Amino acid sequence: MIQPVNFDDFAFALGDVGEDNHNCPYSFEGLHALFNHLESQEKETESTITFDPWIIASQYKEYDNLTDYNREHDTNFETLKEFMESNFAIPLKPSDSFITNH
C-alpha cells in the first residue's frame, strides 16, 4: 500500500523526529530542498522511496556552514564547491547552509 506524501505531510512528519518530537532537524529552506531532492530522485530512478522520517533524518543532516561541518568531521574543506567535488550536498540559498548525507 502506497500513500503519496506532499510537502506539508513531509514537513510535519520531520518536525516530529527532533529530540523532543518538536524540534525539526531542518530549516524551512532545508525541508523544501530535501523534499525536492527526494522527489527528483524518485523521478530519475523511476522508483518509489518509502517515506520514513526517522530514516531520512538519520541519512541527511543540515549544516549552517562549512565551518560547522569541518569541526564535526575533523576536515578542512575551504569552499562548498571543494566539498561537493567528493561529497553530496544540497546548497541552501541564499545562506551558507547545506544538507549532506552522512
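The values are calculated or read from the model by the stated rules, or taken from the named source; none is laboratory data. Just so you know, these numbers come straight off a predicted model, no measurement behind them.
Only residues that are within 16 Å of the chain's Cα centre (by Cα) and at pLDDT 95 or above were counted across the stretch 84-100, and they come to 11. If you go through the stretch 21-76, how many residues are at pLDDT 95 or above and among the aromatic types (Phe, Trp, Tyr)? Qualifying residue count, the stretch 21-76: 4.
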